[in-house]
Amino acid sequence: MPKRLSIVCLLAAWLCASGAVLDGVQVYAWGRMFLRYTHGMSVAQAAAETMDGSKPCPLCLAVRRAREQSEHQQPVSASGTDAAKLILIADEAPPLVLAREMETWPIVVLGQPPSRRDAVPVPPPRVSAAGLAV
């Protein structure tokens, strides 16, 4: 369940950041306007009245204000030489340093691995003829 919740939260954040929520609200407002107009007009007239920009509903006005406000919050693009620029990388590349190649292979001493010469600190358990530990 936490994976599904994180996916839903990520999708909701993406929709809010991209402005798709405002698109959804605008479609909802058009649907409401269309349904209201169909009670007294034909479908073609209702569609024409809905998409007419001269008579927006209060919800359409709220979406328009939200879009204008979000446009003011967008970062200003750097066009021109006098605009402040954000440097994301270093001006100079760091010097390339290569390790010196080994001239010979390292000498590997072959032999027996070291063995333990001390006595075992705890003696192993002994088993009697009946199979019980003594």
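Under the condition of being at pLDDT 90 or above, under 39 Å from the mean Cα position of the chain (by Cα) and among the hydroxyl-bearing types (Ser, Thr, Tyr), the residues counted in region 7-52 number 1. Yes or no: Gln112 open to solvent by 70 Å² or more (accessible area, probe 1.4 Å), more than 30 Å from Ala12 (Cβ to Cβ) and at pLDDT 80 or above? No, not satisfied.
Within region 27-46, restricting attention to residues that are of a type outside the set (A, V, I, L, M, F, W, C) and surrounded by 10 or more Cβ atoms within 10 Å (Cβ to Cβ), which residue is nearest to Val63 (Cα to Cα)? It comes out as Tyr28.
Applying the set (1) in contact with a helix residue (DSSP H, G or I) (Cβ under 7 Å, 6 or more places away or on another chain); (2) open to solvent by less than 80 Å² (accessible area, probe 1.4 Å) to Ala12 leaves exactly one unmet item: (1).
Taking region 9-23 as the range and being touching a Lys or Arg at 6+ places or on another chain (Cβ under 9 Å) and either more than 24 Å from Val63 (Cβ to Cβ) or part of a helix (DSSP H, G or I) (or both) as the test, only Leu22 passes.
Residue-wise test of (1) outside any helix (DSSP H, G or I); (2) in contact with a His (Cβ under 6 Å, 6 or more places away or on another chain); (3) in contact (Cβ under 8 Å) with a residue 24 or more places away in the chain; (4) open to solvent by 90 Å² or more (accessible area, probe 1.4 Å).
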{"residue": "Ile7", "(1), (2), (3), (4)": "no, no, no, yes"}
{"residue": "Val25", "(1), (2), (3), (4)": "no, no, yes, no"}
{"residue": "Glu49", "(1), (2), (3), (4)": "no, no, no, no"}
{"residue": "Cys60", "(1), (2), (3), (4)": "no, no, yes, no"}
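Modelled with pLDDT under 75 and open to solvent by 100 Å² or more (accessible area, probe 1.4 Å): is that true of Asp118 in this structure? No: the conditions fail for Asp118.
The values are calculated or read from the model by the stated rules, or taken from the named source; none is laboratory data. In this text the structure is predicted, and so the values were computed from the model without any measurement. As a convention, Cβ positions derive from the backbone with ideal geometry for all residues, glycine included, and neighbour counts pool all protein chains shown. The accessibility values were calculated without ligands, DNA or RNA, using every heavy atom of the protein model including side chains. Shrake-Rupley method; radii C 1.70, N 1.55, O 1.52, S 1.80 Å.
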